[in-house]
Amino acid sequence: MNRQTQKRLLGIAALVVTAVIWQIVAEYVVGRSFILPSVTDVAGAFANLLESGTLLADIAVSLEHFGIGLLAAFFLGVPIGILMGWFRVADFLLDPIIEILRPIPPLAWIPFAIIWFGLTTQAAGFVIFAGAFFPILTATYSGFRDVPKVFVEAGKVLGCDTSFELIRHVALPAAIPAIASGIRIAMGVGWMCLVAAEMFGVSRYGLGYQLWHNYYLHQMPNVVVYMLILGFAGLIIDRIFRNYVDGQLLRWRAGEVA
């Protein structure tokens, strides 16, 4: 048995033990489904939600919200980070504005998201954008500021005469690890903002909305189902991104270039 298989078996065993302990505590210690639903209660709620089609619809809506916010953060955060990291004038001009806006919690934008966009997909996407934008911007800025000077000089010697050519052929490839790390952090922050935005009224649909709605209805097994779906969905999104980045963009770091 190789180490990878052993690691997976240990992980499965840990989950099984946790489920057994959870079931015993919920059934024989707490004894109230409202306070702590058991594993069987949650499994039954999951089957009912899946059969009704509600769960899949809410997953699709939440992924749409998440995709809009993250893509907007990427397409704005990376170019602005490049400008600030490469051009001193842009850094001097934009840094005060960024540093004033960056400490504002993303959830503080919820009132304006509702006023500007209403209870729409765009409103939820805007709140996610507010959370994901600054990690991407900061990581891109740091990646470009940390490009070794010897790389830049080598690029000039090899024919990169303009800033555009140096950015494209030298600085951007060198900054990709930092940008990828920033995107991964932004995905985690954005996923948390998604739940909060949907819970606090930016959207009438989605996993976060249903979590809060079922709490009001005292359907706690359903609440746990949505909590677990949020956890598993976030894990799957992170793993897909990591596998793509490690396998495609950062193959050279592991010496796997063909």
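The values are calculated or read from the model by the stated rules, or taken from the named source; none is laboratory data. Remember, predicted model here, so these are calculated numbers, not experimental data. Cβ: placed from backbone, ideal geometry, glycine included. Neighbour counts: every protein chain shown. Protein only, heavy atoms only, side chains kept; ligands, DNA and RNA dropped before computing areas. Shrake-Rupley method; radii C 1.70, N 1.55, O 1.52, S 1.80 Å.
How much accessible area per residue does the range 118-164 have, counting only protein heavy atoms and a probe of 1.4 Å, in square angstrom? The answer is 49 Å² per residue. When the chain is treated as a Gaussian network with alpha carbon springs shorter than 10 Å, the biggest mean-square fluctuation among 121, 140, 162 belongs to 162.
For the chain, with all protein chains present and a 1.4 Å probe, just round the carbon and sulfur fraction of the accessible area to a whole percent. Of all accessible area on the chain, carbon and sulfur atoms account for 68 percent. Per-residue 3J(HN,Hα) values for the range 79-92, derived from phi via the Karplus relation 6.51 cos²θ - 1.76 cosθ + 1.60 with θ = phi - 60°, read x, 5, x, 5, 4, 5, x, 9, 10, 4, 4, 4, 4, 5 Hz in sequence order (x marks Gly and Pro). For the chain, modelled as a GNM whose springs connect Cα atoms under 10 angstrom apart, the maximal fluctuation among 26, 132, 154 occurs at 154. For the residues 72, 180, 57, a GNM of the chain with alpha-carbon springs under 10 Å puts the largest fluctuation on 57. Summing +1 for each Lys or Arg and -1 for each Asp or Glu among the other residues whose beta-carbon sits under 12 angstrom from that of residue 94 gives -1.
Using all pairs of distinct alpha-carbon atoms, the Kirkwood hydrodynamic radius of the range 188-232 works out to 10.3 angstrom. Peptides 184-195, 207-218, 91-102 ranked from most to least packed by the mean count of surrounding Cβ atoms within 10 Å: 184-195, 207-218, 91-102. Across the range 34-51, rounded Karplus estimates of 3J(HN,Hα) from the backbone phi angles (6.51 cos²θ - 1.76 cosθ + 1.60, θ = phi - 60°) give 5, 7, 8, x, 7, 4, 5, 4, 5, 4, x, 5, 4, 4, 5, 5, 5, 5 Hz, Gly and Pro being marked x. Using C-alpha pairs under 8 Å with a sequence gap of at least 6, the mean separation divided by the residue count of the chain gives a relative contact order of 23 percent.
Listed values for the range 147-155 are Karplus-derived 3J(HN,Hα) couplings in whole Hz (6.51 cos²θ - 1.76 cosθ + 1.60, θ = phi - 60°), namely 5, x, 4, 5, 5, 5, 5, 5, x, and x replaces Gly and Pro.
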